[in-house]
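The values are calculated or read from the model by the stated rules, or taken from the named source; none is laboratory data. Model, not experiment: these values are computed from the prediction. Ideal geometry is used to build each Cβ from the backbone, glycine not excepted, and the neighbour counts take in all protein chains shown. Heads up: the accessible areas ignore ligands, DNA and RNA and are worked out on the full protein's heavy atoms, side chains in. Shrake-Rupley method; radii C 1.70, N 1.55, O 1.52, S 1.80 Å.
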Amino acid sequence: MSATIHSIRESVSAAEWGVRCDLAACYQLTALFGWDDLIATHISARVPGTEDFLINPMGLMFDEITASNLVKINAEGEILSPTPHAINPAGFVIHSAIHLARPDAGCVMHLHTRDGIAVSAIAQGLMPLNQGALSVIHDLAYHDYEGVALELDERERLQRDLGDKSLMLLRNHGTLSVGGTVAEAFVKMYLLEQACQIQVRTLSMAQGLHLPSADAQDKVFEQTGEGKLGPLMREFFWPALTRKLDRMGVRYKE
């Protein structure tokens, strides 16, 4: 296994290269935020104008991912471009399920963070305890644990349980986000992960809980629901995050 980089920029379209750079940035940011799980979990992005998608090479740490070493596969899991790398079968099952069912799924993120798994394992799931939770809870689905995601027939149940939502708690397993772009998927995941982290901290204090009123909860939905945050994610949050990587000298565009 090697992370040696051979640039493929000249052999793919400008649109695909742009998505590759965004997806590589997403992997690097996931590592930077401490959301990675050794070489496990996955982030995928659809290749523009196709049903194919890009996913991480099996065996590389997230901070080794670049635009060039991402692997392009189709809905059957066949590798479509020259690469020395394989892919993780569990990543294929989960991500192909979402990309097949959701034409709007430009990017799918799946994580195994401690706080995300902790919240997924309690009966209440995500609770309306804070502003971040209120901004995502209306867009959150749940999928029961079935074991390691290696069976293709689980795709139907993943698709059914996600429905038209863009966030999901995989029970006893982790978190998942769907975005029209990499930017949207990442910022949605940030909001969900932050809400889970705050919930774990809140419940750890073993004090009585103060919940926002029903009116306040409805108001946050009116303010943030139905894609209202999308432009902010694409035009402000994401450029700021990629500038951070650039200042740090992260070579994700190679």
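What the table below lists for this structure:
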item: Long-range HN-HN contacts of ALA141 with modeled amide H, under 5 Å; result: LEU167, MET168, LEU169
item: Principal semi-axes in Å for the chain [√(5λ), Cα gyration tensor, largest first]; result: 30, 20, 17
item: The chain - share of DSSP beta bridges that are antiparallel (%, nearest 5); result: 85
item: Options LEU176, SER166, MET205, ranked by Cα towards positive dipole end of the chain, top entry (Cβ charges); result: MET205
item: Value of D in µm² per second that Stokes-Einstein yields for region 11-135, Kirkwood Rh from Cα pairs, at 20 °C (1.002 mPa s); result: 139
item: Ratio of Rg to Rh over region 109-254 (Cα coordinates, Kirkwood Rh, two decimals); result: 0.99
item: Under the Debye formula (equal points on every Cα, no solvent term), log10 I(q)/I(0) of region 145-226 at q = 0.12, 0.24 Å⁻¹; result: -0.51, -1.26
item: Distant-in-sequence amide H partners of ALA75 (H built 1.01 Å from N, under 5 Å); result: none
item: Where Rh is the Kirkwood radius over Cα pairs, Rg/Rh for region 78-172; result: 1.00
item: Portion, in percent, of the accessible area of the chain that falls on carbon or sulfur, probe 1.4 Å; result: 54
item: Computed [θ] at 222 nm, helices only, for the chain once each DSSP H run of length n ≥ 4 contributes -39500 (n - 2.57); result: -12000 deg cm²/dmol
